[in-house]
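Values in this text are rule-based calculations from the coordinates and carry no lab data. Quick caveat: nothing in here was measured; it's all calculated off a predicted structure. Neighbour counts are summed over all protein chains in view; Cβ atoms, including those assigned to glycine, are modelled from backbone coordinates with ideal geometry.
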Amino acid sequence: MSDKKIVPGPAGYMPEPAVFMGVELPPEGKALLYGEIVDEEQAMREAAKAMLTKSNPTIFPGPQVLWNWKEDVADKAQAILELASEIPNCRIIPMPDYRPKYPKIDPEAEINPNHPNLTILHNRIEACIFVGVHCHYANLSLRMIRAGTNCFTIALCAFMGHEEAMVSLRDVHADDIRRFKDVLVQVRNELGIEWTPKPPPRNPSLPKEEWEALNPLDYGDYMHLIIPRKGEENVTETE
Amino acid sequence: MPEQKVVDTDYLLLEAPREKKFITGAQAMAEAVKRANVDMAIAYPITPQSEVMHLVGDLYAQGYLKDYYRAEEEYGTMSAIAGASRGGVRVFTATSGPGLLRGIEAIASWPGHRIPAVLGVLTRVVNAPLSIQPDNIELAYLLHSGIILLHAENQQDVFDMTLAAFAISEMVDVYIPVAVATEGFFVTHAKGYVNMTPEDMKLPPRDPYKAPVPVTDCEVPPARIQRDAPVQKSNFMSYLIHAVWQQEVWASNMRAMKYIYKYLGGPIEVVNPEAEVFVVASGCAAAQGREAVRYAQQEGLNVGLVKIKSIRPFPAKEVREALKNAKAVIIPEHNIEGWLSKEVKAAIPNSGIVTDGPRVYGGMTLPVELIMEEIYKSLGVKGKQRVVI
């Protein structure tokens, strides 16, 4: 490979965007590796090597695979779980929300695009996969991670990919994730790493959800959806 | 509801048969909107763009658009455009000169909000003093907004650029607004030949889920930002996210270049690439520059033309390559400030070869003879063409 343009950071206080450095998104059937356009297989192998050899490999699923919002999503989520099972000591930390969270996120429970470095640094993650995150937020997060951490980032994108990641695959759906999983298993065997597939541990920090105990006051601003305001009690017809 | 069949974007823009018509620039822009499967247009009148929005209103009456209304003024128009686009519809509006400036707070926020939209900019003098005549100083105000800016030379360009603008704006790796600019009156109210795609074919509808941001979720930025501006001032968003968000806007702007190559044949056009003296121009001035090059070649002078179609993203690499052997560069413009001249001078290593002008403004026409005088000066010859005053 010629000059590697996009490498694990920290790139510095104000990172130069990959696009400004001349990195272009790959055409269909190709992938990005360190900012260069390469064959998908080559990029997958490098991504697999990173997830197998670096510390605390983590998958960050975003809203587009966390909720069953359309037909093929459940299959994609299942494929991600199968991939995670094949990566030794892999964790899954979701990015459920793009909003700033108050007072502070729990960096072991989630990653937030407003400050992704908090989660990366707290958990000492050196290799991660972004999947199911809207492209705008993936680009922001990947750039901030490259700026402030030494994490190796891999983006599995359903659209055109991400220049800021060290490895970017495009047009990724459930079958492609399974294909990547197969490449990872092959690389794992080549490296002599022994691992019996098992699902990643449950995220220990997520509070157990008890819907029966939900109080109307928990609705916050939306409380008035279920408790009428004074003077609105007898309204039965609305426009 | 007129019968139109949905065809593939690439087919419509690159392969569909074309029929030649003789129409004004305003008609050309409206004809592009007719074929673009636009859902909604929001209008506010200002000469010389009013005719574009009148014609788009006619399209609404004929059933080509689902909704159309006149907003209160341009700030309202541009804000409503953002809201409509965020609601998932394909939108169009147009403005001119002082109207652009009246709406510019909203327009400048569109790229950061990741709003795909097409804005027609039919240029007009910015007061004071007031005039309705053409002058493209207003484009200088758009240069730093993040918006993609295409500059049309003639009626054909207006049609091609407007139709392509809808496709470019909605690409997932772009997803910022595109402005298609041309000179008011000189292009909008003059007729020219336009090869147009069939009117019974239209672009595929906008798919709001094929987007880099969540669809119209008013709880989540960027949609949240329009209803809850203080979320951006949150102490829980690092300053770096503001910075990388701005970078993402400009990265998206740069990513549009490959689509400009694909759908518009590239950001520049070069005539006589081996020339020693080049006229570099955009918009209507490129038409005058083209005529000047023709006169020069008739007189046996080795002069070329670089027409710049894309002002943002600016084709710095392409301009540098085209001018690498140039001994002199002449940049005629329709504004006093010379914004194009500044862009070109920043792009090339030897900006000393650039002549700033000739420039006309306040609505004055740009006689070809003015450009010829600069060509003669650059070549050190006594030429035949003179401006008659």
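Taking all Cα pairs closer than 8 Å and separated by 6 or more residues, the relative contact order of chain B comes to 18 percent.
Summary of the geometry: region B:79-157 and region A:114-132, compared by the centres of their Cα atoms, lie 39 Å apart. The listed peptides A:79-87, B:192-200, B:349-357, ordered by packing as a protection proxy, come out as A:79-87, B:192-200, B:349-357 (highest mean of other Cβ atoms within 10 Å first). Compactness of chain A is given as radius of gyration and Dmax, 20.2, 73 Å, from Cα positions. Listed by chain and number, the aspartates and glutamates placed with their C-alpha closer than 13 angstrom to that of A:Lys5 are A:Glu16, A:Glu24, A:Glu36, A:Glu163, A:Glu164; residues fewer than eight positions away on the same chain are left out. Remark on B:Ala181: its backbone amide H falls under 5 Å from those of B:Val121, B:Leu150, B:His151, B:Ala152, a criterion applied only to residues 5 or more positions apart or on other chains, H modelled at 1.01 Å from N.
Over all directions, average the projected area of the Cα convex hull of chain B and note it in nm².
Projected area, direction-averaged: 19.6 nm².
The mean number of Cβ atoms from other chains found within 10 Å of a Cβ in peptide A:126-135 is 2, as a whole number. Take the alpha carbon atoms of region A:64-107, find their center, do the same for region B:272-301, and report the distance between the two centers in whole angstrom. Centre-to-centre distance over Cα atoms comes out at 58 Å.
Take each residue of peptide B:302-315, count the partner chain Cβ atoms within 10 Å of its Cβ, and average: the result is 0.
Full extension of the chain segment joining A:Lys230 with A:Asp75 gains 51.1 nm, where the gain is 0.36 nm per residue of separation less the Cα-Cα distance. Placing a label point 7 Å from the Cα of A:Asn68 along the Cα-to-Cβ line, the residues of region A:76-111 whose backbone N sits under 16 Å from it are A:76-81.
Going down the list B:Lys210/B:Lys233; B:Lys258/B:Lys342; A:Lys70/A:Lys208; B:Lys202/B:Lys309; B:Lys202/B:Lys317, which pairs span over 32 Å between their C-alpha atoms? Checking Cα-Cα distances, B:Lys202/B:Lys317 exceed 32 Å. Rounded to the nearest Hz, the phi-derived 3J(HN,Hα) couplings of region B:45-51 under the Karplus curve 6.51 cos²θ - 1.76 cosθ + 1.60 (θ = phi - 60°) are x, 6, 5, x, 8, 3, 5, where x marks glycine and proline. Gain on full extension, evaluated as 0.36 nm per residue between B:Gln232 and B:Glu199 minus their Cα-Cα distance, stands at 7.5 nm. Which whole-number percent gives the relative contact order of chain A, counting Cα pairs below 8 Å spaced six or more residues apart? RCO, chain A: 27 percent.
The simple spin-label model puts a point 7 Å past each Cα toward its Cβ; for A:Val183 and B:Lys384 those points are separated by 6.5 nm. Loop-located GluC sites (Glu not before Pro) in region A:181-219 (DSSP state other than H, G, I, E, B) with a sparse environment of at most 12 neighbouring Cβ atoms within 10 Å: A:Glu194, A:Glu209, A:Glu210. When the P(r) of region B:5-202 is calculated, the portion above 28 Å amounts to 16% of the C-alpha pairs. Here's how it looks for A:Ala155: its modeled amide H is under 5 Å from those of A:Phe130, A:Val167, A:Ser168, A:Leu169, which are all 5 or more places away or on a different chain. Treating r as the C-beta distance of B:Lys21 and B:Arg294 and R0 as 25 Å, the FRET efficiency rounds to 0.50.
Using the beta-carbon distance between B:Glu219 and B:Lys258 and R0 = 45 Å, what value does 1/(1 + (r/R0)^6) give for FRET efficiency, to the nearest 0.05?
Details: r = 34 Å, r/R0 = 0.75.
Calculated transfer efficiency: 0.85.
For the peptides A:154-160, B:15-21, B:372-378, residues were scored by their other Cβ atoms within 10 Å and the scores averaged per peptide; the highest-first order is A:154-160, B:372-378, B:15-21. Residue by residue, region A:97-114 carries 3J(HN,Hα) couplings of 8, 9, 7, x, 10, 10, x, 6, 6, 8, x, 8, 9, 7, 10, 10, x, 6 Hz when phi is fed to the Karplus relation 6.51 cos²θ - 1.76 cosθ + 1.60 (θ = phi - 60°); x denotes Gly or Pro. Take the alpha-carbon centre of region B:318-389, take the same for region A:133-160, and report the distance between them in whole Å. With region B:318-389 and region A:133-160 each reduced to a Cα centre, they are spaced 44 Å.
All other residues with a Cβ under 15 Å from the Cβ of B:Val174 taken together, and with Lys, Arg as +1 and Asp, Glu as -1, what is their net charge? Net charge in that neighbourhood comes out at +2.
The relative contact order of region B:268-379, computed from alpha carbon pairs under 8 Å that lie at least 6 residues apart in sequence, is 31 percent. Every Cα-Cα pair in the protein assembly as shown was counted, and those over 46 Å apart are 25% of them.
Taken residue by residue and averaged, Cβ atoms of other chains lying within 10 Å of the Cβ of B:247-255 number 5. Our coupling estimate for region B:127-140, obtained by passing each phi through the Karplus curve with A = 6.51, B = -1.76, C = 1.60 and θ = phi - 60°, is 6, 10, x, 8, 7, 9, 7, x, 5, 9, 4, 4, 5, 4 Hz, Gly and Pro reported as x. Residues whose amide H falls under 5 Å from that of B:Ile268, counting only those 5 or more places apart or on a different chain, are B:Lys309, with hydrogens built in the peptide plane. Modelled spin labels at B:Asn325 and A:Asn89, positioned 7 Å past Cα toward Cβ, are 6.2 nm from each other.
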